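To keep things clear, I will list the structure first and then write my remarks on it.
The values are calculated or read from the model by the stated rules, or taken from the named source; none is laboratory data. A quick note: this is a predicted structure, and the numbers were derived from the prediction, not measured. Reconstructed Cβ throughout: ideal geometry from the backbone, glycine too, with neighbour counts over all protein chains shown.
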Amino acid sequence: MSGADALTGTYRLPCPRLGETRVRLSSFRELERLPGTAHPAVYRVTFACGCDDDHVALVGHDALDWAPLGLDPGTTYVNLMTARSDDLADELVALASARIDRGEWPWSFFCYLEDVPRAVTPSSFRVLDGSADGVAVAVSCPTCTSTSVNLVSRPHVDVPFHTDESVGVVTTVFAEEALRTIDGLRAELMTATVDERRLTPHA
């Protein structure tokens, strides 16, 4: 099973040529929850590797959704105030909790069917297609289960709590099982109409 590193914002995944590689969430291409185990759930992830090929890895729910926030204990840092090694998770949990209490969420998207922004985690992502301009993300809404496609910046996907002020939204409601492959997403994007929607309130 693969894992994530909150300090570098990357997932550690197997590569047949390199042995192991580190990729950002925006390098993921397809995510599918596998039937069977639920605690934790396991996802089949296809990702674009640094070796210029696409590979498949299995990623647990905790590693996919929560490890990028650094909430797992075990990583330490030297506290310059005390000259002791402290658990980094304590600091990151406090930071994440404070931001969530203020109404911020690590990841968000715009649900076209409901016409509202929604908080999500990476396990809600279905298909991603990255380019130099940003990332097209097909997201399954945790509330209504429809699939919406958002056009966002890479930091919006890769950096928890970085939220684009506005995003492009494909003006189509997709069924829950739609857009299961990157080819399907690309085909939809070829003819899509895109509107701009705000994710963050006006300053």
Exercise. Working carefully through the options G130, G134, G70, find the one that is modelled with pLDDT of 90 or more and not hydroxyl-bearing (S, T, Y).
Key: G134
Quiz item: Taking region 182-203 as the region of interest, how many residues are within 30 Å of G70 (Cβ to Cβ), in a loop (DSSP other than H, G, I, E, B) and aliphatic (A, V, I, L, M)?
Solution: 2
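Among the residues of region 1-18, write down those that are closer than 24 Å to P106 by Cβ and either assigned to a strand (DSSP E or B) or modelled with pLDDT of 95 or more (or both). Write out each step before concluding.
If we filter region 1-18 for residues that are closer than 24 Å to P106 by Cβ, which is where we start, we get 1-13.
Within region 1-18, S2, G3, A4, D5, T10, Y11, R12, L13 qualify.
What residue, of S140, S153, S146, is assigned by TED's automatic domain parsing to the domain that holds D183, in contact with a strand residue (DSSP E or B) (Cβ under 6 Å, 6 or more places away or on another chain) and surrounded by fewer than 20 Cβ atoms within 10 Å (Cβ to Cβ)?
Values: S140 fails: surrounded by fewer than 20 Cβ atoms within 10 Å (Cβ to Cβ); S146 fails: in contact with a strand residue (DSSP E or B) (Cβ under 6 Å, 6 or more places away or on another chain).
The unique qualifying residue is S153.
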Quiz prompt | Matching residues in region 104-140 - criterion: being charged (D, E, K, R), in contact with a helix residue (DSSP H, G or I) (Cβ under 9 Å, 6 or more places away or on another chain) and under 17 Å from E176 (Cα atoms) | solution = R118, R126
Quiz item: Does at least one position in region 170-180 carry a residue that is touching a Gly at 6+ places or on another chain (Cβ under 8 Å) and surrounded by fewer than 19 Cβ atoms within 10 Å (Cβ to Cβ)?
Solution: yes
Practice problem: Determine the pairs where a residue that is within 29 Å of E104 (Cβ to Cβ), located within region 181-203, has a partner that is modelled with pLDDT under 90 with Cβ atoms under 9 Å apart, the partner being 6 or more residues away or on another chain. | Solution: L185/L179
Quiz item: Using beta carbons and a limit of 7 Å, which pairs, at least six apart or on different chains, have the first residue in region 154-165 and farther than 12 Å from W105 by Cα and the second one crowded, with 18+ Cβ neighbours inside 10 Å and of a type in the set (D, E, K, R)?
Solution: D158/R24
Practice problem: Check whether at least one residue in region 74-97 is surrounded by fewer than 12 Cβ atoms within 10 Å (Cβ to Cβ), over 14 Å from the mean Cα position of the chain (by Cα) and either β-branched (V, I, T) or modelled with pLDDT of 90 or more (or both), and report yes or no. | Solution: yes
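So, in region 162-181, exactly how many residues are among the hydrophobic types (A, V, I, L, M, F, W, C) and either at pLDDT 90 or above or part of a strand (DSSP E or B) (or both)? Please lay out each step first, then the result.
Kept after step one, since they are among the hydrophobic types (A, V, I, L, M, F, W, C), are these residues of region 162-181: 167, 169-170, 173-175, 178-179.
The next check asks that each one be either at pLDDT 90 or above or part of a strand (DSSP E or B) (or both); those that pass are 167, 169-170, 174.
So the count comes out to 4.
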Practice problem: Report the residue count in region 19-33 for those that are closer than 17 Å to D53 by Cβ, assigned to a strand (DSSP E or B) and more than 9 Å from the chain's Cα centre (by Cα). | Solution: 7
